[in-house]
């Protein structure tokens with residue numbers, strides 16, 4: 001199989017949207033949509049009135065009309081909600097999600113992939129986080145209904161996902177083991193998804209997408225190839241300069257003077273051992289530069305994954321005002337990215353772009369009243385009575401402590417769920433009157449973007465990025 005040379009990274013919640021993925025795919029590369037929180041993204045977009053009609057067009061192509069109609073009736077607001085109104089919230093996921101929530105999740109993933117593949121023959125992928133386990137079964141099925149070509153997954157050990165892809169080809173019932181903190185050794189917790197029960201019978205087989213695991217260690221790559229329930233088709237090897245969540249440093253955590261984790265030699269992936277696995281691999285983390293791409297090919301990579309240059313292009317879902325502010329900072333050499341060891345409720349380091357009016361600014365962060373009303377990053381735990389509950393280090397501290405959480409786990413934690421939606425113009429107006437603020441992530445290297453910002457220009461396209469990099473791919477092919 002001919003794999004793409006360039007993978008556009010799956011970023012944020014809705015930053016890598018269908019519009020961006022489509023633009024990249026039409027140029028012969030792998031456009032990737034973010035699968036994070038797509039149920040909330042669809043519900044809120046519908047509440048804004050879907051002014052261009054794209055969502056409604058995708059809903060019309062969903063194979064079970066009754067489900068599309070139910071979601072439409074529940075969330076669509078003609079002409080959009082008023083600015084002083086809050087978004088209608090969707091339910092939070094649990095080990096036993098309602099049928100309504102699963103239908104919404106399947107439909108949301110279908111819509112995003114359908115729109116990204118519409119009108120061209122390019123390939124499209126979708127990116128998920130293994131750490132956000134509970135929506136993944138419904139999400140993946142929805143993406144496969146729309147014919148997704150690649151599924152990418154990081155932030156964990158996704159051994160069961162390849163086998164689930166195999167089972168979904170024939171719409172089989174699947175199960176996924178779910179991590180539950182404080183559980184006993186012999187406890188087993190699973191989520192089930194039966195397509196026939198939740199969606200209805202689909203009379204045709206689905207295409208099995210290629211599965212790429214996003215990893216940061218040789219050990220994990222070897223384990224996934226040997227122990228996964230189905231075939232792993234390749235790896236994206238992500239370095240610590242990449243945006244979003246990063247793998248924690250191996251060994252004892254050490255911080256620099258800014259409070260950032262320090263990665264060392266133990267965190268460098270041995271590419272010779274990766275090559276021994278005889279699977280395609282792509283390198284990620286500061287590869288938005290022609291020289292770095294050339295180095296990747298020289299090291300035996302099949303290509304690179306690039307995120308940050310696409311995050312701030314015209315087609316991305318990032319709010320236009322945020323893009324403008326960031327690009328101005330890049331031009332004046334004021335853009336700063338911090339590897340925050342505490343921000344994410346996951347406990348993974350998280351790259352945070354420093355902006356005055358985001359919750360990366362301590363004075364802005366302190367004005368926010370803690371609330372957990374989306375719950376994508378909350379974790380399940382077994383309470384003293386043997387029941388499963390859910391907690392998040394970013395929720396109100398007293399609630400977290402009541403749920404047997406530790407005080408130190410709450411320090412510095414940010415509500416990524418609400419902030420990531422604020423990044424794309426879907427900020428919730430809380431009942432207190434507080435409008436959720438953004439928290440923007442980015443890769444460490446931003447200098448590459450200056451080549452697109454000449455003569456006072458403050459915008460560029462996905463095509464500009466690809467055209468600046470494509471010659472490197474042609475050079476690499478000529479050298480083979």
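The values are calculated or read from the model by the stated rules, or taken from the named source; none is laboratory data. Everything numeric here is computed off the predicted structure, so don't read it as measured data. Ideal geometry is used to build each Cβ from the backbone, glycine not excepted, and the neighbour counts take in all protein chains shown.
Can you name the number of the only condition in (1) touching a strand residue (DSSP E or B) at 6+ places or on another chain (Cβ under 9 Å); (2) in a helix (DSSP H, G or I); (3) within 22 Å of residue 347 (Cβ to Cβ); (4) in contact (Cβ under 8 Å) with a residue 12 or more places away in the chain that residue 414 fails?
Going through the list (1) touching a strand residue (DSSP E or B) at 6+ places or on another chain (Cβ under 9 Å); (2) in a helix (DSSP H, G or I); (3) within 22 Å of residue 347 (Cβ to Cβ); (4) in contact (Cβ under 8 Å) with a residue 12 or more places away in the chain, residue 414 breaks only (2).
Could you check the range 270-287 and list, in sequence order, the residues that are within 15 Å of residue 224 (Cα to Cα) and outside any strand (DSSP E or B)? So that I can check it myself, show each step before the final result.
Residues of the range 270-287 within 15 Å of residue 224 (Cα to Cα): 273-281.
273, 274, 275, 276, 277, 278, 279, 280, listed by residue number.
What is the residue count in the range 252-263 for residues that are surrounded by 11 or more Cβ atoms within 10 Å (Cβ to Cβ) and without any contact (Cβ under 8 Å) to a residue 24 or more places away in the chain?
3
Within the range 423-435, take every residue that is without any contact (Cβ under 8 Å) to a residue 40 or more places away in the chain and under 20 Å from residue 356 (Cβ atoms) and give me the one that is surrounded by the most Cβ atoms within 10 Å (Cβ to Cβ).
The initial filter retains those residues of the range 423-435 that are without any contact (Cβ under 8 Å) to a residue 40 or more places away in the chain, namely 427, 433, 435.
Going one step further and asking which of them are under 20 Å from residue 356 (Cβ atoms), we end up with 427, 435.
Numbers: 427: 19, 435: 12.
For the range 423-435, the residue satisfying everything is 427.
Please count how many residues of the range 272-299 are in contact (Cβ under 8 Å) with a residue 24 or more places away in the chain and touching a helix residue (DSSP H, G or I) at 6+ places or on another chain (Cβ under 9 Å). Walk me through how you get there before you give the answer.
Here is the first cut: in the range 272-299, the ones in contact (Cβ under 8 Å) with a residue 24 or more places away in the chain are 273-275, 277, 279-286, 288-290, 293-294, 297, 299.
Next, only the ones that are touching a helix residue (DSSP H, G or I) at 6+ places or on another chain (Cβ under 9 Å) stay: 273-274, 277, 279, 281-283, 286, 288-290, 293-294, 297, 299.
Counting residues in the range 272-299 that are in contact (Cβ under 8 Å) with a residue 24 or more places away in the chain and touching a helix residue (DSSP H, G or I) at 6+ places or on another chain (Cβ under 9 Å) gives 15.
Tell me whether the range 305-312 contains one or more residues that are without any contact (Cβ under 8 Å) to a residue 60 or more places away in the chain, within 22 Å of the chain's Cα centre (by Cα) and either under 17 Å from residue 444 (Cα atoms) or part of a loop (DSSP other than H, G, I, E, B) (or both).
Residues of the range 305-312 that are without any contact (Cβ under 8 Å) to a residue 60 or more places away in the chain, as a first pass: none.
Checked the range 305-312: no residue is without any contact (Cβ under 8 Å) to a residue 60 or more places away in the chain, within 22 Å of the chain's Cα centre (by Cα) and either under 17 Å from residue 444 (Cα atoms) or part of a loop (DSSP other than H, G, I, E, B) (or both).
Can you tell me which residue in the range 118-130 is farthest from residue 9 (Cα to Cα), limited to those that are buried (at least 21 other Cβ atoms within 10 Å of the Cβ) and under 14 Å from the mean Cα position of the chain (by Cα)? It would help to see each step written out before you state the result.
Of all residues in the range 118-130, those buried (at least 21 other Cβ atoms within 10 Å of the Cβ) come to 123-129.
Narrowing further to those that are under 14 Å from the mean Cα position of the chain (by Cα): 125-129.
Numbers: 125: 10, 126: 9, 127: 8, 128: 11, 129: 13 Å.
If we take residues in the range 118-130 being buried (at least 21 other Cβ atoms within 10 Å of the Cβ) and under 14 Å from the mean Cα position of the chain (by Cα), then 129 is farthest from residue 9 (Cα to Cα).
Test residue 113 against the stated conditions and say whether it is in contact (Cβ under 8 Å) with a residue 12 or more places away in the chain, part of a helix (DSSP H, G or I) and closer than 25 Å to residue 315 by Cα.
Working: in contact (Cβ under 8 Å) with a residue 12 or more places away in the chain: yes; part of a helix (DSSP H, G or I): yes; closer than 25 Å to residue 315 by Cα: yes.
Yes: the conditions hold for residue 113.
What about residue 386, is it assigned to a loop (DSSP other than H, G, I, E, B), over 23 Å from residue 33 (Cα atoms), without any contact (Cβ under 8 Å) to a residue 24 or more places away in the chain and touching a strand residue (DSSP E or B) at 6+ places or on another chain (Cβ under 6 Å)? Outline the logic, then answer.
Numbers: assigned to a loop (DSSP other than H, G, I, E, B): yes; over 23 Å from residue 33 (Cα atoms): yes; without any contact (Cβ under 8 Å) to a residue 24 or more places away in the chain: yes; touching a strand residue (DSSP E or B) at 6+ places or on another chain (Cβ under 6 Å): no.
No; evaluated as a whole, the condition is false for this residue.
If we keep just the residues of the range 417-434 that are outside any loop (DSSP other than H, G, I, E, B) and under 20 Å from the mean Cα position of the chain (by Cα), which is nearest to residue 365 (Cα to Cα)? Lay out the reasoning, then the answer.
Step one: list which residues in the range 417-434 are outside any loop (DSSP other than H, G, I, E, B), which gives 417-423, 429.
Cutting the leftovers down to under 20 Å from the mean Cα position of the chain (by Cα) gives us 417-423.
Numbers: 417: 14, 418: 13, 419: 11, 420: 14, 421: 16, 422: 14, 423: 15 Å.
Applying the filter and picking the extreme gives 419.
Go over the candidates 80, 156, 142, 163 one by one and state the one that is at pLDDT 95 or above, within 21 Å of residue 233 (Cβ to Cβ) and either in a loop (DSSP other than H, G, I, E, B) or out of contact with any helix residue (DSSP H, G or I) (no Cβ under 7 Å at 6 or more places or on another chain) (or both). Please lay out each step first, then the result.
On the way: 80 fails: within 21 Å of residue 233 (Cβ to Cβ); 156 fails: at pLDDT 95 or above; 142 fails: either in a loop (DSSP other than H, G, I, E, B) or out of contact with any helix residue (DSSP H, G or I) (no Cβ under 7 Å at 6 or more places or on another chain) (or both).
It is 163.
Could you please tell me which pairs satisfy a Cβ distance under 6 Å, a separation of 6+ or placement on different chains, a first residue in the range 75-93 that is at positive phi, and a second residue that is in a loop (DSSP other than H, G, I, E, B)?
79/49; 80/48; 80/49
If we keep just the residues of the range 357-374 that are touching a helix residue (DSSP H, G or I) at 6+ places or on another chain (Cβ under 8 Å) and more than 15 Å from residue 397 (Cα to Cα), which is surrounded by the fewest Cβ atoms within 10 Å (Cβ to Cβ)?
357
Looking at the range 75-94 only, could you name the residues that are in contact with a strand residue (DSSP E or B) (Cβ under 9 Å, 6 or more places away or on another chain) and under 7 Å from residue 47 (Cβ atoms)?
If the condition is that a residue be in contact with a strand residue (DSSP E or B) (Cβ under 9 Å, 6 or more places away or on another chain) and under 7 Å from residue 47 (Cβ atoms), then 87 is the only one that fits.
Going by what's in this entry, would residue 58 be described as out of contact with any strand residue (DSSP E or B) (no Cβ under 7 Å at 6 or more places or on another chain), crowded, with 22+ Cβ neighbours inside 10 Å, in contact (Cβ under 8 Å) with a residue 12 or more places away in the chain and in a helix (DSSP H, G or I)? Write out each step before concluding.
Values: out of contact with any strand residue (DSSP E or B) (no Cβ under 7 Å at 6 or more places or on another chain): yes; crowded, with 22+ Cβ neighbours inside 10 Å: yes; in contact (Cβ under 8 Å) with a residue 12 or more places away in the chain: yes; in a helix (DSSP H, G or I): yes.
Yes.
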